[in-house]
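Chemist: Got a structure for you, written out below as structure tokens; questions coming shortly.
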Amino acid sequence: MKPRKFIKKLFIISTSVFLAAILGFSIYVGTVPKDRLNTDYLDGMYKTVTVTDIDGGVLDNYYLGRDSAKINLSRLPQHVSDAFISIEDKRFFEHHGFDYVRIGGAIIHNLKSGAFSEGASTISQQLVKNLQLSNEKSVERKIKEAYLTRQLEKRYSKQEILEKYLNIVYFGGGAYGIEAAAHLYFGKGADMLALSEAATLAAVINSPAKYSPIRHPLAARKRRDIVLKQMLDDGKITSAEYGTALEEDIMLNDAPEQRIQAVYMAGMLDQAYEILSLGGEKSLAGYKIETYYDYDKQLALHNAVSASIDGAANEYDRRPSALSTVISNGTLGIEAYYGESAYSLTRLRRQPGSAIKPIMVYAPAIEKNIISPATPIFDEEINYGGYSPRNYSRTHEGWITARRALETSNNIVAVKILDYTGIDYCKNFAARVGIEIAEADNNLSLALGGFSKGVTLNELASSYAALANLGQSGTPSYIRTVTAPDGRVVYRHNNAKFQAMSGDTAYLVTDMLRGTVTSGTAVKLKSLNYDIAAKTGTVGYQKSEKNSDAYCLSYTSDYTVGVWLGCIEMDNEHAMPKNVSGGTYPAQITRSIYKALYDFKPEPFTRPASVHNIDIDALALKNEHKVVRADDDSFARYRTNEVFSERNLPKSKRVSIRNAWQTHFNVSALIRNAG
């Protein structure tokens, strides 16, 4: 075939393929649902939600998510707008929603690098994405984004779009919008931002986790300098202004009490959107939300975490992220919820480690009359079809009571009890107190917190509150009531509890967890010298000596307190050192919280009338590994006292061994030499 004919034929084929592709894409675009731009929210942005604390006081609106305080573009210094336009969308005032020059440049860059590392979203595109779309990377989402962007550009002026963008973009730390960010980082309104501060905020939005001036000051400064250089190149600032701003340090807000409520507010707003089925696509403008927020308790969490967190840094000087919560046992109101992290902590799910044992293992086994606190179980090396759990100490104690196993957080015993009680029974039990476990999780590692989905700290704390409430469980809430703009109360937290387990079971586990404080892994709380129950938990980082998560869950008769430390970035540089375990820094933080909560002794735990103290035969327990009542004439040194539910009382020594076996489960014998 002649070259000219070949080229002509190739051109026809290529053109046909191209036109077919265009036609196919057009047909596909036509099938994608066309969303309507949420103009209700955009037009009502300056009406804010009213939020009150537990005493009815109105809270600052700087940290109320997308419904936070807004500011007019006309009030902002020119260098604020210029900073964002220079680094995010320098042809903002020239294009009609899409920067084709930048798109072309991004395509060429990505082809050269072999990776899709550079994007080309305009401020208009970012606004509609933040407002109505998810972060899903799909052709359908991009088509919706393009359609909504065109609607946005047709309806609003460039100044209006820029203003709305600055009032909705996320700056990290729970701050949405430049007004909230200015207060969070610099303790001032956005209308007072200096050039260096404006450039810093423009730097943050590229990646709040990476460029937070609080968490990563050096990275934030480098990124700020890039913004300043871009402003200089664009002719937005002079060389003198550039040089002066470049030399300035990032001076952060030195009044942290102005930002300690941010994480609580983020969690509260998540719940509000869920209650009202808004899906985050509408404003709460005009609504009144009454919360359980207690500033004194919130400050106590902040102070306790701040006083200890630096000491938990690893060899790379990386501090762990932290989260803490206080739930009222009576109302199940979340009265304080504080976090320190560059990431959003409102829906954080992590493996609970040994902190799940009271809920997943001991309470179900007691409820099913499988064990009592005195039941002896043999701690040994075990293997269940290739699963060989190990104790944290890497040692074995031989015969050990269930009480002592929980106090010392023995892993082997926990796995044995779960195996004998039944995985399905234990999962259903945990679900009744609010612990969500994936249906596919059907293995014995559940005893040690091996959850594929993980749990939130509030879910875990709520399950402990059920123990404090003698088995009554309910749903914790940030919110007491929600009132619509027309005055209707559309939500009320009625604190409806139900009996998830018997009061006997709850009290027996509580009594065992008191021992964890007096002589177990939570011994740092012992100095509080009042009735407190607690359990620690630690999750190892991969197969190393480091840790990824550390917990201390605890409760008094009044409050349930949860503390978590962990590395969200699951890499060696951020993993916590071995000395950061549940019994160290989380327990230390917990102790500080209780010292702030109480200047008096709380009421002791209430014991049900159906729980009895019984003297059992210490020799039979030690030598025969059986739980039997002590004879009336036994010497005191051959007795030991334990608590029992009346539905599972130990039998007398005079009952034959055969009958005793039939009427009282001796788990130790049944599950010895497991596997």
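Chemist: Find the residue count for region 471-530, including only residues that are farther than 29 Å from Tyr585 by Cα and more than 26 Å from the chain's Cα centre (by Cα).
Modeler: Result for region 471-530: 14.
Chemist: Among the residues of region 78-96, how many are more than 21 Å from Thr238 (Cβ to Cβ) and of a type in the set (D, E, K, R)?
Modeler: Count: 4.
Chemist: On to the next question. Among all residue pairs at least 6 apart or on different chains, which show Cβ distances below 8 Å where the first residue, located in region 491-505, is among the hydrophobic types (A, V, I, L, M, F, W, C) and the second is crowded, with 22+ Cβ neighbours inside 10 Å and assigned to a loop (DSSP other than H, G, I, E, B)?
Modeler: Close Cβ pairs (under 8 Å, with a partner that is crowded, with 22+ Cβ neighbours inside 10 Å and assigned to a loop (DSSP other than H, G, I, E, B)) amount to Ala500/Val433; Ala500/Gly471; Met501/Val433; Met501/Gly471.
Chemist: Give all pairs with beta carbons closer than 6 Å in which a residue from region 111-130 that is within 20 Å of Gln151 (Cβ to Cβ) and at pLDDT 85 or above meets a residue that is of a type in the set (Ser, Thr, Tyr) and part of a helix (DSSP H, G or I); count only pairs at least 6 apart in sequence or on separate chains.
Modeler: What qualifies is Ile123/Tyr165; Ser124/Thr149; Gln125/Thr149; Leu127/Tyr165; Val128/Thr149.
Chemist: Go through region 475-526 and count every residue that is among the aliphatic types (A, V, I, L, M) and in contact with a His (Cβ under 9 Å, 6 or more places away or on another chain).
Modeler: 1
Chemist: Among the residues of region 599-656 satisfying the criterion of being charged (D, E, K, R), under 44 Å from the mean Cα position of the chain (by Cα) and part of a loop (DSSP other than H, G, I, E, B), which is farthest from Asp296 (Cα to Cα)?
Modeler: Lys626
Chemist: So which helices (runs of 4 or more DSSP H) stay within region 191-254 end to end and still have 2 or more residues that are more than 17 Å from Tyr170 (Cα to Cα), of a type outside the set (Ser, Thr, Tyr) and at pLDDT 95 or above?
Modeler: Once the helices (runs of 4 or more DSSP H) in region 191-254 are filtered for at least 2 residues that are more than 17 Å from Tyr170 (Cα to Cα), of a type outside the set (Ser, Thr, Tyr) and at pLDDT 95 or above, what remains is 217-233, 239-247.
Chemist: I'd like to know if region 394-401 contains one or more residues that are under 23 Å from Lys453 (Cα atoms), of a type outside the set (Asp, Glu) and either under 26 Å from the mean Cα position of the chain (by Cα) or not in a helix (DSSP H, G or I) (or both).
Modeler: no
Chemist: Name the one entry in Gly566, Gly540 that is over 30 Å from Leu276 (Cβ atoms) and in contact (Cβ under 8 Å) with a residue 12 or more places away in the chain.
Modeler: Gly566
Chemist: Hey, another quick one. Do we have Ile168 as in a helix (DSSP H, G or I), surrounded by fewer than 23 Cβ atoms within 10 Å (Cβ to Cβ) and not basic (Lys, Arg) here?
Modeler: Considered against the rule, which asks whether it is in a helix (DSSP H, G or I), surrounded by fewer than 23 Cβ atoms within 10 Å (Cβ to Cβ) and not basic (Lys, Arg), Ile168 comes out as no.
Chemist: Any residue that is modelled with pLDDT of 95 or more, part of a strand (DSSP E or B) and touching a strand residue (DSSP E or B) at 6+ places or on another chain (Cβ under 9 Å) - is there at least one of those in region 457-473?
Modeler: Yes.
Chemist: Mind telling me which of the residues Asn442, Asn391, Asn428 ends up being in a helix (DSSP H, G or I) and surrounded by fewer than 22 Cβ atoms within 10 Å (Cβ to Cβ)?
Modeler: The conditions single out Asn428.
Chemist: A further question follows. Go through region 382-407 and report how many residues are charged (D, E, K, R) and at pLDDT below 95.
Modeler: 3
Chemist: Only residues that are among the hydrophobic types (A, V, I, L, M, F, W, C), within 21 Å of Gln126 (Cβ to Cβ) and either touching a Lys or Arg at 6+ places or on another chain (Cβ under 7 Å) or surrounded by fewer than 20 Cβ atoms within 10 Å (Cβ to Cβ) (or both): list them for region 206-234, please.
Modeler: Correct list: Ala209, Ile226.
Chemist: If you go through region 183-214, how many residues are hydrophobic (A, V, I, L, M, F, W, C), over 18 Å from Leu228 (Cβ atoms) and out of contact with any His (no Cβ under 9 Å at 6 or more places or on another chain)?
Modeler: Summing the residues that are hydrophobic (A, V, I, L, M, F, W, C), over 18 Å from Leu228 (Cβ atoms) and out of contact with any His (no Cβ under 9 Å at 6 or more places or on another chain) in region 183-214 gives 3.
Chemist: For region 51-94, which residues satisfy the criterion of being of a type in the set (Val, Ile, Thr) and part of a loop (DSSP other than H, G, I, E, B)?
Modeler: Of everything in region 51-94, those that are of a type in the set (Val, Ile, Thr) and part of a loop (DSSP other than H, G, I, E, B) turn out to be Ile54, Ile71.
Chemist: Identify the residue in region 557-598 that is part of a helix (DSSP H, G or I) and touching an Asp or Glu at 6+ places or on another chain (Cβ under 9 Å) and, among all such residues, is surrounded by the most Cβ atoms within 10 Å (Cβ to Cβ).
Modeler: Ranking the candidates gives Leu597 first.
The values are calculated or read from the model by the stated rules, or taken from the named source; none is laboratory data. It should be emphasised that the depicted structure is a prediction, and the values quoted were computed from it without experimental measurement. Cβ atoms come from the backbone with ideal geometry, glycine included; neighbour counts cover every protein chain shown.
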